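**Student:** Mind looking over this structure? Questions follow.
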Amino acid sequence: MKKDFISILDITREELDTILTEAARLKRLRAAGTPHEILRGKTLAMIFEKSSTRTHISFEVGMNELGGHALFLNARDMQIWRGEEIRDTARAASRYVSALMIRAYKHGTIEEFAKYANIPVINGLSDMEHPCQLLADIMTMQEHFGSTRDLRVAWVGDGNNVCNSLILSTVLTGLDVTVSTPKGYEPAAVYVEKARELGGKVTMVRNPEKAVKDVEVIVTDTWVSMGDEEERSDRLRLFKDYTVDSGLMKRASPDARVLHCLPAHRGEEITDEVMEGGQSLVWDEAENRLHSQKALLLKLLKKS
């Protein structure tokens, strides 16, 4: 495995299997109340440019349960917010902590941290990718379907960072992904092309009803991500036909399940009925952020 986890493709299929197997084991240990303080003496620095609920809680709780320490750092309280170069922060932090997790506005910020840090750097979210979310999503799909090989998945909504990571994940998982977005809101072409070049199954369609036909999993996310607030009124108008509601669910497989990485804007990208219904895996998905990230931390820090 590479030193860092910036993209879902920073791991191989075999490493993904190892991480998810370990995540399942850690989930069982936690349920049984069995201590597993494997990273005692290790410290994870968590740098947040963007606000967070699940990323913050899951990494901090996860590191504590592994016996280590998680250090919350608001970027606005750090010298990088006042102009210190990233390479200087990265080099100094490498002398203090065992790993860095960064939730950033720009993907390049995380890449620059990784370039100059000599400790593992984890992408907690950027404008282009959200690989930690995909670890949880893949774990959730495996728990409920047994395997992701040839599992039919439809992404409905904004072609954002999570969508980009889902597309790349097809290379590792064998997922068959169909993406449906309004014109102008497609996922980045470079991710679609890369996935296809490496054997991933990715189809682009405009009509959400066509996209979800007979699929086993429907995935959606907010239409207005952090940083897009000024576009809110335009986005709500353009995305109005992309709501995951009971009507759309009826076009999927009868046993289809729904994923949403949260936070959700109920009544926009997903209805309350679907999110609270029997086909929702949203809460399992949210929980699995904890277990999959603990397994990732073990993979990175036991090696380092």
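**Student:** Search the structure for amide H atoms under 5 Å from the amide H of residue 204, placed 1.01 Å from N in the peptide plane, and list their residues when 5 or more places away or on another chain.
**Tutor:** 179
**Student:** Could you state the angle between the C-alpha long axis of helix 131-145 and the longest principal axis of the C-alpha atoms of the chain, as a value from 0 to 90 degrees rounded to the nearest 10?
**Tutor:** It is inclined by approximately 50 degrees.
**Student:** Given R₀ = 51 Å, FRET efficiency for residue 76-residue 253 by Cβ-Cβ distance, to 0.05?
**Tutor:** 0.65
**Student:** Further question on the same structure: Calculate one ³J(HN,Hα) per residue across segment 22-37 by plugging θ = phi - 60° into the Karplus curve 6.51 cos²θ - 1.76 cosθ + 1.60, and present them in order as whole Hz with x for glycine and proline.
**Tutor:** For segment 22-37, the Karplus curve yields 5, 4, 5, 5, 5, 5, 5, 4, 5, 4, 7, x, 8, x, 8, 7 Hz.
**Student:** Excluding residue 72 itself, what net charge comes from residues whose Cβ is under 15 Å from its Cβ, given Lys and Arg +1 and Asp and Glu -1?
**Tutor:** +1
**Student:** Springs between alpha-carbon pairs under 10 angstrom, Gaussian network model over the chain: which of 75, 32, 104 fluctuates most?
**Tutor:** The residue with the greatest mean-square fluctuation here is 32.
**Student:** For the chain, what does -39500 (n - 2.57) per DSSP helix run (n ≥ 4), summed and divided by total residues, give at 222 nm, in deg cm²/dmol to the nearest 500?
**Tutor:** Result for the chain, helices only: -13000 deg cm²/dmol.
**Student:** If I fit a long axis through the Cα atoms of helix 282-303 and take the longest principal axis of the Cα atoms of the chain, what angle between them do I get, 0 to 90°, rounded to 10?
**Tutor:** That helix lies at roughly 30 degrees to the long axis.
**Student:** Still on this structure, I have one more. Rounded to the nearest 10 degrees, what's the angle between the helix 54-65 long axis and the longest principal axis of the chain, both from Cα atoms, 0 to 90?
**Tutor:** The angle comes out at about 40 degrees.
**Student:** Can you give the net charge of the other residues whose Cβ lies under 12 Å from the Cβ of residue 130, counting K and R as +1 and D and E as -1?
**Tutor:** Local net charge: 0.
**Student:** Which loop trypsin sites (Lys or Arg not before Pro) in segment 248-304, with loop taken from DSSP, have no more than 13 other Cβ atoms within 10 angstrom of their Cβ?
**Tutor:** On the way: sites: 250, 251, 257, 266, 289, 294, 299, 302, 303; in loops: 250, 251.
Qualifying residues, ordered by number: 250.
**Student:** OK, next. Using alpha carbons only, how many angstrom separate the centre of segment 254-304 from the centre of segment 75-93?
**Tutor:** If we compute the Cα centre of each part, the gap is 32 Å.
**Student:** Right, another one. For segment 138-174 and segment 1-49, compute the distance between their C-alpha centroids and round to whole Å.
**Tutor:** Each part reduced to its Cα centre gives a spacing of 19 Å.
Since every read-out is calculated from the coordinates, none of them should be taken as a lab result. Please read all numbers here as calculations on a predicted model, not as lab measurements. Please note: Cβ atoms are built from the backbone with ideal geometry, for glycine as well, and neighbour counts cover all protein chains shown.
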